[in-house]
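Inspection log for the structure reproduced underneath, given as C-alpha cells.
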Amino acid sequence: MPASDPSSSLLALRGAMLSWNGDPFERGDAAMAFDSDAVVAMRGGRILHAGPAAGVLRGLPAGTRVERLPRDSLMMPGFVDCHVHYPQLPVIGSYGARLLDWLDRYTFPAEAAFADPRVARRVARDYLDENLRQGITTAAVFCTVHPGSVDALMREAARRSLRLIAGKVLMDRHAPRALRDTAKRGYDESKALIARWHGRGRLGYAITPRYAVTSSPAQLEAAGALWREHPDCWVQSHVSENADEIAWVRRLYPRARDYVDVYVRHGLAGRRAIYGHGIHLREREWRAFAASGTAIAHCPTSNLFLGSGFFRWDRAKRRDRPVRVGLATDVGGGTTLSFLRTMGEAYKVAQGAGWAMPAAQAFWLATQGGARALDLDGAIGNLAPGLEADLVVLDLASTPFIAQRMASVRDIGEALFVQMTLGDDRAVRQTWIAGRKACDRDDAGAPPQARRR
Ligand SMILES: [Zn+2]
C-alpha cells in the first residue's frame, strides 16, 4: 500500500455508534450495543478500536486525527445485500407480472444486452456507485450468462476496494438461445472466472445456477462438482419463490423429494450456499437447510412487487433448528437499493405472516445477519477490532418530518424503527470502505471518487 494512501494512517471517527454483541433473534434487544459517544479507529483498512469514546481515545497515540461526525449521526456496520441482480438495474420498476412472466418479458431481454462489454461496464459502475450512496458495502451479485458481465463488475469493485461476491449465471435451458450456455461451457467459464477473480483482494466468486428450471440436471451436477473442487467459493441460486415455479420444478425433477432436495442431491447445499426467497418451504426443506448450514436471502420488496408471498419467520427461526437468513434487495424484482426501505418492507412482510419484527432484528439482518448468512461474519458485519472497516454513517434527522418524529423517541430501538419506517437514501450520510470515505452525501456535487475516469 503506498504511503500516500490515507487508509494506511490511523484515523478515528467520533459519534454515536451501533454495534452487535449477539443475535437479536436469540437475545432480543440486548444484542444491540449502543454508545451515544463512541470512537471507531481505523488503519490499513481494518478497525483497530471501537467503543466508548473515553476509553478508545485514551489508547490512541497523541496527534491521531479524530473526525467528529455531525449532530444526529449514527455509525454502524455497512449494509450487506445478500442477493441482487445488477444487470436488471435498467428494468427495475417494470409493470405487472409474476415471476415466470417477469423473467421472459423483462429479465432476459435486459440480460441479453450484456453481450456488449460496454453495457456491462456502464451498468456495473452505476450499480456500485448507487450501492455506495445507499450504504451497501458488500453484496452477493448475480451477473448474466456472459463471463464479461463478471469481469466488468469485479473490475469496478476492485477499483473501489469492495468486498463483493459475484458469479456468472449458469443457464442451459428454458431461456432464450442467446442467454444459454451448456453444462460444459458453464463449468469451464466459471472455473476460469474463479481463477481470475476469487480471492483477489476482497473479491469472492459464487457458482451461480439461476435456478432449477433453467439448469438441466447435468448442469447442476457440474455446478456441484465445481464447488467440490473450490469449496471456499460460494453458491447462489433461487428456491421456492412462486407456486408456478415450484410446480414446474416438481415436473422437471420427479425423483427429488421437493425443491430443496433438487439442490441437496446435486451437492449444492451447505455453508456458503445462499438461496433467494424460500417463501413456500415445507418443514422437511427447512430442516435440510438448517442441517446443512445453507442460508436464505430474504427479499421483501421483490416478494411484494411480484406477489410471491410472505416469508415465514416463525419457521425460519424455529428455536430447535434456526436457519441463517440475510436481507436482500433482489433488484430488479426488488424495487429499491435503499436498505432502510428494504427493512421497512421486511417489517410489513413479516406482519403479513404474523411476526412483528423489532428494529434490532431488521438492522441485524441488514448487517451482521447478512454477513453470517454469507459466512463472512469473521470479516464484516460489525464494528469491532480486527474486522474490515466498512461502515455507514446514518443521519437520524434526515428530513424535517423524520426530525419531528425523532424528537419523541425514547430509546435506540425506537429511533431505529423510525429510520426503517420513514427513512430512505437521504438518511445515508457517509459510506466508508476499507477505512476510506467512499461517499459523502454532504459533499455537494462531488461524485464518488472511483467514478473519476
Ligand atoms: Zn433473484
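Among 191, 437, 184, the ranking by other beta carbons within 10 Å of each residue's beta carbon, starting with the fewest, stands as 184, 191, 437.
When both bridge partners sit in the chain, DSSP labels roughly 45% of those beta bridges antiparallel. Listed by chain and number, the lysines whose C-alpha is less than 29 Å from the C-alpha of residue 348, apart from same-chain residues fewer than 8 away, are 317. Within a Cβ distance under 12 Å of residue 443, other residues only, what is the Lys/Arg minus Asp/Glu net charge? Once all neighbours under 12 Å are counted, the net charge is +2. Ranking of 252, 193 by neighbouring Cβ atoms within 10 Å, starting from the fewest: 252, 193.
Taking amide H atoms as placed 1.01 Å from N in the peptide plane, the amide H of residue 234 lies under 5 Å from those of 205, 206, 207, each 5 or more residues away in sequence or on another chain. By the rule of a C-alpha distance below 15 Å, with chain neighbours fewer than 8 residues away ignored, the aspartates and glutamates paired with residue 191 are 151, 181, 221, 229, 232. Here is how the number arises for the chain: DSSP H runs of 4 or more residues each give -39500 (n - 2.57), the sum is divided by the residue count, and the result at 222 nm is -9500 deg cm²/dmol. Net charge dipole, the range 79-373: roughly 600 debye, given to the nearest 20, about the Cα centre with Cβ charges of +1 for Lys and Arg and -1 for Asp and Glu. Kindly identify the range 248-318 as rounded, prolate or oblate by the Cα gyration tensor criterion: order the square roots of the eigenvalues as a ≥ b ≥ c, call it rounded if a/c is under 1.5, otherwise compare a/b with b/c, prolate if a/b is larger, else oblate. Oblate shape, in that a/c is at least 1.5 and b/c is the bigger or equal ratio.
The Cα atoms of the chain cover 66, 49, 38 Å along the three principal axes, with the biggest extent listed first.
Can you list the trypsin sites (Lys or Arg not before Pro) in the range 60-167 that are in a DSSP coil and have 16 or fewer other beta carbons within 10 angstrom?
Answer by residue number: 71, 98.
Rounded, prolate or oblate, given the Cα gyration tensor of the range 353-453, with a/c below 1.5 counting as rounded? Oblate, since a/c reaches 1.5 and b/c is not below a/b.
Take each peptide in 403-409, 47-53, count the other Cβ atoms within 10 Å of every residue, and average; sorted highest first, the result is 47-53, 403-409. I want the local charge near residue 399. Using Cβ-Cβ distances under 12 Å, sum +1 for each Lys or Arg and -1 for each Asp or Glu among the other residues. In short, -2. By other beta-carbon atoms within 10 Å, ranking 66, 325 with the fewest at the front produces 66, 325.
When both the range 183-240 and the range 85-143 are represented by their alpha-carbon centers, they are found 19 Å apart.
Quick check on the range 198-248: take the gyration tensor over C-alpha atoms, sort the square-rooted eigenvalues as a ≥ b ≥ c, and tell me if it's rounded (a/c under 1.5), prolate or oblate.
Oblate is the answer for the range 198-248, as a/c is 1.5 or above yet b/c matches or exceeds a/b.
For the range 145-260, the alpha carbon positions stretch 44, 27, 26 Å along the principal axes, listed from largest to smallest.
We did not get these values from a lab; they are worked out from the coordinates using the rules stated. Bear in mind that the values here come from a model prediction, so they are computed numbers and not experimental data. Neighbour counts run over all protein chains shown; Cβ positions are idealised from the backbone, glycine included.
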